[in-house]
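Here is the structure we will look at, set down as structure tokens.
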Amino acid sequence: MQSPVEIIPHSSGVVGVSWLMIVLPLLGAAILLLSGRRTDRWGHFLGVAMVLASFVVAVASFVELLGLPEDQRRMGVALYQFIPGMADMGLLIDPLSISFALLITGVGSLIHIYSIGYMSHDPDRRRFFAYLNLFVAAMLLLVLADNYVALFIGWEGVGLASYLLIGFWQHKPSAAAAAKKAFIVNRVGDFGLLIAIFTIWTTFGSVAFAKVFPLAGEASNGTMTAVGLLLLLGACGKSAQLPLQSWLLDAMEGPTPVSALIHAATMVTAGVYLIVRSGAFFEVAPTAQLVVTIVGVATLLAGAIIGSAKDDIKKGLAGSTMSQIGYMMLAAGIGPAGYAFAIAHLITHGFFKANLFLGAGSVMHGMNDEVDMRRYGGLFPVMRITAITFIIGYLAIIGFPLLSGYFTKDGIIETAMEHNQILGWLAVLGAGLTGFYMSRMVFMTFFGKKRWADDAHPHESPAVMTVPLILLSIGSIFLGAFLILGNRFMKFLAPAVGLPEELPVFHFGSTAGLATLALVAVGAVFAWFRYGAADVPEVAPRGSFLTTFARRDLYGDALNETLLMRPGQWLTRFAVFFDNRGVDGLVNGLAATIGGTSGRLRRIQTGYVRSYALSILFGAAVVVGALLYVGNM
Amino acid sequence: MPWLSTLMAVPVLGAVGVSLVKSDKLAKQLALAISLVVLVLTGVLAAQFNPTSGTRFQFAEVYDWIPRFGVHYGVGVDGIALVLIALSVVLVPIVILASWHDADGTGANAPPKRSVKTYFALLLVLEAMMIGVFASTDVFLFYVFFEAMLIPMYFMIGSYGGAQRSYAAVKFLLYSLFGGLLMLVAVIALYVIAEKGTFMFPELIGAIQDPTTQKWLFAGFFIAFAVKAPLWPFHTWLPDAAAQAPAGAAVLLVGVLDKVGTYGMLRFCLELFPDASKFFTPLVIVLSVVGIIYGAIVAIGQTDIKRLIAYTSISHFGFIAMGVFAMTANAGAGATLYMVNHGFSTGSLFLIAGFLIYRRGSSQIADYGGVQKVAPVLAGTFLIAGLSSLSLPGLSSFVSEFMVLIGTYEIHPVPAIIATTGVILAAVYVLWMYQRMMTGPTAESVKLFPDLDIREKWVVAPLIAVIIAVGFFPKPLLDVINPAVDKTLSTVQVDQFTPAVADKKGAGQ
């Protein structure tokens, strides 16, 4: 294995001002939040401009990075002392972080532009753009940070932005509840990440990537396994992996651009980033790696099953997101052979899933915000651009040959197959399910009979929304081939994450690849018979046990409620009761036995001056007595 | 120039002036002006403070007070005292501005009008005492301030508070006096047994060597501080007092007065009785961890805003006490910074809650709903204060909570892990409170809520500015705190941790 290269301090050129990437959108958020209604008319343009500017800085940094020889492509940019002696603010510009920065600011810009149209009727559009800007800033800090403490600030910052945006329409109780749930479930993950950081600090005496990663091999295996599992817990929260997946489906309460940007393309992939970035720890902790792959496979199947049963188009896509991130986790758990595929799939997924979500938003925009696919149908002729771009995204995600998803997902499946046959075949099965649920979605939405509500007058969305769709679908077509063929992306990432001993060779028509294609085809054909050729009932039929199981999100919420919420409520009630009667009662009772003060406390109008005076007198007596005693010595 | 005496004299003289002027309005304006003068003076003092100087207590003044018993008027500040004095003098003008109408008898369901001049005079007297208690370098003088502070606070709760004010005020007083008496006994015993003939703190360090004596004296001091802070299970007076006190007084009570308890542990318990402190460390850490979790769980179950905030503070005091007794550089500095940060974040929560109660006339959470829609700025600032309370990174409390936890983890990993679950519970109590009060359909009773007015914005803005500034750039405060904490820990003589895998070029950054 070829190891990552050393981080070189750097302060000049574009990279020297790469902090502008973070500061510009942060400034945008601050201006938009503080300026009040004055900026309502042009605030959204400021929001877009800040992200575009950030994208320009990212591109310029990327170009500068490419200009360097490979062994210098890890640049540390020191900013300022944060907690003296423990953590400094600093950025790390390397192929891994810059890939994320390009994805975040690039796809982020398109989603900002789209939102101008999507949120045009919302009186709080300015606040919406403020939160989007805040999100971009926090997400960039997360991926650009050169140490775990700064990473954690970004990590919780994106959690805050996610909270604010899920609850953007907080007058709806369901949105407010979903926002709170997302934050709290994420905090469970953050608990793990915090303990991981503590352990890294006590083990290495530092939290800086440059200091700790080279020493990973010298720490005990037990410590590194613990750190790996704790980091995984954090990753599970942020990336909605089992067992912390339950918040993501509820998070669809947020406006659709939010679902596209935060809950599909970028934030939810932060867990994958964390694991790939911490590769040095995982590579010396095989047990932790194994758990990562198991979590990934379990989630990729669970997400696909959930996605197969949802009638709400956004929740269907959310299940799909869980599932696709499961693929990335699986690859990230494999080690250097999987990293490049994990990140490549993450990037192509960022494009096609944003494409799909924004397409869904465009459909909703034309259908009075209807999300139930049972009330769609036959929409192809009335919104052709939306339909065609959506179908491109669909073909990309199911792995239609030569489109983006084909290359990146197949890369993961092949690597998994070589790593462990069981994991590999389960990943193939997941691909088949993807073929089913995505085909179902397309057939129910764009084909078949019209099942529209009476007041629905579907229409194509304005250009400000369709142009981003077109650009994203172009990425959905070509990006995969560009990244994977000739191991282009793997070699690019090497300075950051290292290379596997043997470079993989992409070949069309491997056993696993053919099996995947066959299963996807079966899934799609099955979906065609049930949802394309047959009539779709407007009200969901009861369905089998399995359907109910999937509709209820595999009983994840029921499980949380039984195991955590109810006992929590009882504990809270008991603690409040105990505090009022127990502790306070005991103290009051004790006081009553000693001095009868409890009676006085109850007769609040009288007596308190007396007890006050009495105490003072007692105090004075002690002082005088003691001083006399001392004086006589 | 006797800086510290001046700092105390200005508000005392100001209080006299405030009680003498004719109109209430003038009294308020004068009180605000005085508090701003104190703030400026403190700023000038802080600018001259040298954190790395060899002199431990700077701006020191020592005069004999009762020569026969070696009692001095001794004041001086190190970094720890300085940041706490700074906290006090920043909060007082904000509280004065926030309390503008608290004694007027206006506002929904407000208590009847009471003497406005007295209220503001009491605030200024309290300010002088808060400065005094942190600046005392004589143990007896510290005790005097420690007890005397109760009096203005007693009257502010008992005369200007809510419906149950008398009960709350008496409970507050009795608890505090009980603790104070124990401390008094210990203070005198310390003087007698040390046989130094002085109450001056620097001279008493290392004076008590006998382990048993140390333990007894430690107990006297510690219980007084544990009641004051308050630590679990001495906490039950706080929710009553904080809920009944007017919002401004609650800020000073929870934000500053309670810190005297944790400050006392750090300053007096650790340095005067180092061996006893180490002996009792397991006990204190257990109490702290119980308090962190217990306070948070009980906070979740509260139905009254102010009681909820009070319980969150009990949880936070657990963090501070744990940080003090972990006796590592990070935890100690974190605990000290926590005392400051908690004052700002909880202060803003109490004040904004006060604005809500002024509008609605109720402190019941259930009486609100959907406030965000009608008063977005009020709701937004309340959220920021809440997020600081749950230690969101980028806001000040995160830095201190993180330092306390990581510093504790260095040598007591298990309690630190249990305490870290507090971050999950904190998210529950803050966000659930916000959800119930600010989101959802707008309740009929809050439909006509005005958003924050100019005065209220001036109250909240500086607090939020400090919360964000310290959140991103805590270095200036830590540079003042760190040397002082290191000095304290060197007196206690604890071994600092070494990383399991040390870099060959030297550990750390």
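The values are calculated or read from the model by the stated rules, or taken from the named source; none is laboratory data. This one's a predicted model, so the numbers in the text were calculated from it and none came from an experiment. No Cβ is skipped: glycine too gets one built from the backbone with ideal geometry, and neighbour counts run over all protein chains shown.
Output the number of residues of the stretch B:192-229 satisfying the condition of being within 28 Å of the chain's Cα centre (by Cα) and within 11 Å of chain A (Cβ to nearest Cβ).
The qualifying residues number 1.
Could you tell me which of the residues B:Leu405, B:Leu477 is part of a helix (DSSP H, G or I), facing another protein chain (nearest Cβ under 9 Å), surrounded by 19 or more Cβ atoms within 10 Å (Cβ to Cβ) and within 26 Å of the chain's Cα centre (by Cα)?
Matching residue, one of B:Leu405, B:Leu477: B:Leu405.
Going by the structure shown, is B:Ile223 farther than 19 Å from B:Val254 by Cβ and either part of a helix (DSSP H, G or I) or at pLDDT below 90 (or both)?
Spelling it out, B:Ile223 is indeed farther than 19 Å from B:Val254 by Cβ and either part of a helix (DSSP H, G or I) or at pLDDT below 90 (or both).
Condition (residue is aromatic (Phe, Trp, Tyr), under 16 Å from B:Ala419 (Cα atoms) and within 19 Å of the chain's Cα centre (by Cα)) applied to the stretch B:234-246: is it met by at least one residue?
no
Restricting the search to the stretch B:206-225, which residues are under 10 Å from B:Ala194 (Cβ atoms) and among the hydrophobic types (A, V, I, L, M, F, W, C)?
B:Ala207, B:Ile208, B:Leu217
For residues in the stretch A:270-313 being hydroxyl-bearing (Ser, Thr, Tyr) and farther than 10 Å from A:Met329 by Cα, which is surrounded by the fewest Cβ atoms within 10 Å (Cβ to Cβ)?
Within the stretch A:270-313, the match that is surrounded by the fewest Cβ atoms within 10 Å (Cβ to Cβ) is A:Thr287.
Suppose the filter is in contact with a Lys or Arg (Cβ under 9 Å, 6 or more places away or on another chain) and within 18 Å of A:Gly85 (Cα to Cα); does B:Ala426 pass it?
So B:Ala426 fails the test.
Among the numbered conditions (1) under 16 Å from B:Pro415 (Cα atoms); (2) away from chain A (no Cβ under 13 Å); (3) of a type in the set (A, V, I, L, M), tell me where B:Ile309 comes up short.
Condition not satisfied by B:Ile309: (1).
In the stretch B:315-330, how many residues are away from chain A (no Cβ under 14 Å) and over 24 Å from B:Val298 (Cβ atoms)?
1
Residues that are within 8 Å of chain A (Cβ to nearest Cβ), on the phi < 0 side of the Ramachandran plot and outside any helix (DSSP H, G or I): does the stretch B:446-466 have at least one?
no
So which residues in the stretch A:440-461 are under 29 Å from the mean Cα position of the chain (by Cα) and over 15 Å from A:Gly377 (Cβ atoms), if there are any at all?
Of everything in the stretch A:440-461, just one residue is under 29 Å from the mean Cα position of the chain (by Cα) and over 15 Å from A:Gly377 (Cβ atoms), namely A:Ser461.
State which residue pairs qualify: first residue within 15 Å of A:Asp311 (Cβ to Cβ) and inside the stretch A:441-466, second residue acidic (Asp, Glu) in any location, beta carbons under 6 Å apart, and separation of 6 or more residues or different chains.
Pairs that qualify, where the first residue is within 15 Å of A:Asp311 (Cβ to Cβ) and the partner is acidic (Asp, Glu), are A:Arg451/A:Glu538.
Restricting attention to the stretch A:1-44, and to residues there that are hydrophobic (A, V, I, L, M, F, W, C) and part of a loop (DSSP other than H, G, I, E, B), which single residue is nearest to A:Ser61 (Cα to Cα)?
Going through the qualifying residues, I end up with A:Val17.
Can you tell me which residues in the stretch A:149-176 are more than 7 Å from every other protein chain (Cβ to nearest Cβ) and either touching a strand residue (DSSP E or B) at 6+ places or on another chain (Cβ under 8 Å) or among the small types (Gly, Ala, Ser) (or both)?
A:Val149, A:Ala150, A:Leu151, A:Gly154, A:Gly159, A:Ala161, A:Ser162, A:Ser174, A:Ala175
When you scan the stretch B:59-80, how many residues do you find that are in a helix (DSSP H, G or I), surrounded by fewer than 24 Cβ atoms within 10 Å (Cβ to Cβ) and modelled with pLDDT of 90 or more?
Count: 0.
Condition (residue is among the hydroxyl-bearing types (Ser, Thr, Tyr) and either within 14 Å of another protein chain (Cβ to nearest Cβ) or assigned to a strand (DSSP E or B) (or both)) applied to the stretch A:122-132: is it met by at least one residue?
Yes, the conditions are met somewhere in the stretch A:122-132.
Of the numbered conditions (1) at pLDDT below 55; (2) assigned to a helix (DSSP H, G or I); (3) touching a Ser or Thr at 6+ places or on another chain (Cβ under 6 Å), A:Ala527 satisfies every one except a single condition; which is it?
Of the numbered conditions (1) at pLDDT below 55; (2) assigned to a helix (DSSP H, G or I); (3) touching a Ser or Thr at 6+ places or on another chain (Cβ under 6 Å), the odd one out for A:Ala527 is (1).
Considering only the stretch B:418-435, I want to know if a residue exists there that is surrounded by fewer than 24 Cβ atoms within 10 Å (Cβ to Cβ) and outside any helix (DSSP H, G or I).
Taking every residue of the stretch B:418-435 in turn, at least one turns out to be surrounded by fewer than 24 Cβ atoms within 10 Å (Cβ to Cβ) and outside any helix (DSSP H, G or I).
More than 28 Å from B:Gly79 (Cα to Cα) and crowded, with 16+ Cβ neighbours inside 10 Å, is that true of B:Leu26?
So B:Leu26 fails the test.
Can you tell me which residue among B:Phe268, B:Phe225 is in contact with a Cys (Cβ under 8 Å, 6 or more places away or on another chain) and either within 24 Å of B:Phe134 (Cβ to Cβ) or crowded, with 24+ Cβ neighbours inside 10 Å (or both)?
The unique qualifying residue is B:Phe225.
If you check B:Val470 against the conditions, is it more than 30 Å from B:Leu204 (Cα to Cα), buried (at least 16 other Cβ atoms within 10 Å of the Cβ), away from every other protein chain (no Cβ under 12 Å) and touching a Ser or Thr at 6+ places or on another chain (Cβ under 9 Å)?
Here the answer is no, as B:Val470 does not meet what is asked.
If B:Thr421 satisfies every condition in (1) within 22 Å of the chain's Cα centre (by Cα); (2) closer than 17 Å to A:Phe152 by Cα but one, which is the exception?
It fails just one condition, (1).
Would you check if there is a residue in the stretch B:437-444 being under 29 Å from the mean Cα position of the chain (by Cα), facing chain A (nearest Cβ under 8 Å) and in a helix (DSSP H, G or I)?
Checked the stretch B:437-444: at least one residue is under 29 Å from the mean Cα position of the chain (by Cα), facing chain A (nearest Cβ under 8 Å) and in a helix (DSSP H, G or I).
Which condition number in (1) closer than 23 Å to A:Leu290 by Cβ; (2) surrounded by fewer than 24 Cβ atoms within 10 Å (Cβ to Cβ); (3) aliphatic (A, V, I, L, M) is the one that A:Leu402 fails?
(1)
Report, by residue number, each residue of the stretch A:136-152 that is of a type in the set (A, V, I, L, M, F, W, C) and under 16 Å from A:Gly271 (Cα atoms).
A:Ala138, A:Met139, A:Leu140, A:Leu141, A:Leu142, A:Val143, A:Leu144, A:Ala145, A:Val149, A:Ala150, A:Leu151, A:Phe152 - these are the residues of the stretch A:136-152 that are of a type in the set (A, V, I, L, M, F, W, C) and under 16 Å from A:Gly271 (Cα atoms).
Kindly list the number of the only condition in (1) within 30 Å of A:Ile262 (Cβ to Cβ); (2) touching a helix residue (DSSP H, G or I) at 6+ places or on another chain (Cβ under 7 Å); (3) not in a loop (DSSP other than H, G, I, E, B) that fails for A:Leu242.
(3)
Show the residue pairs meeting these rules: Cβ distance below 6 Å; 6+ apart or different chains; first residue within the stretch A:187-202 and more than 7 Å from chain B (Cβ to nearest Cβ); second residue hydroxyl-bearing (Ser, Thr, Tyr).
Close Cβ pairs satisfying both conditions: A:Ile197/A:Tyr148.
Say whether the condition of being farther than 18 Å from A:Asp94 by Cα and within 25 Å of the chain's Cα centre (by Cα) is met by at least one residue in the stretch A:482-493.
Yes, the conditions are met somewhere in the stretch A:482-493.
Considering each of B:Ala310, B:Ala326, B:Ala321, B:Ala353 in turn, give the residue that is touching an Asp or Glu at 6+ places or on another chain (Cβ under 8 Å) and touching a residue at least 12 places away in the same chain (Cβ under 8 Å).
Step by step, each of B:Ala310, B:Ala326, B:Ala321, B:Ala353 is checked, and only B:Ala326 is touching an Asp or Glu at 6+ places or on another chain (Cβ under 8 Å) and touching a residue at least 12 places away in the same chain (Cβ under 8 Å).
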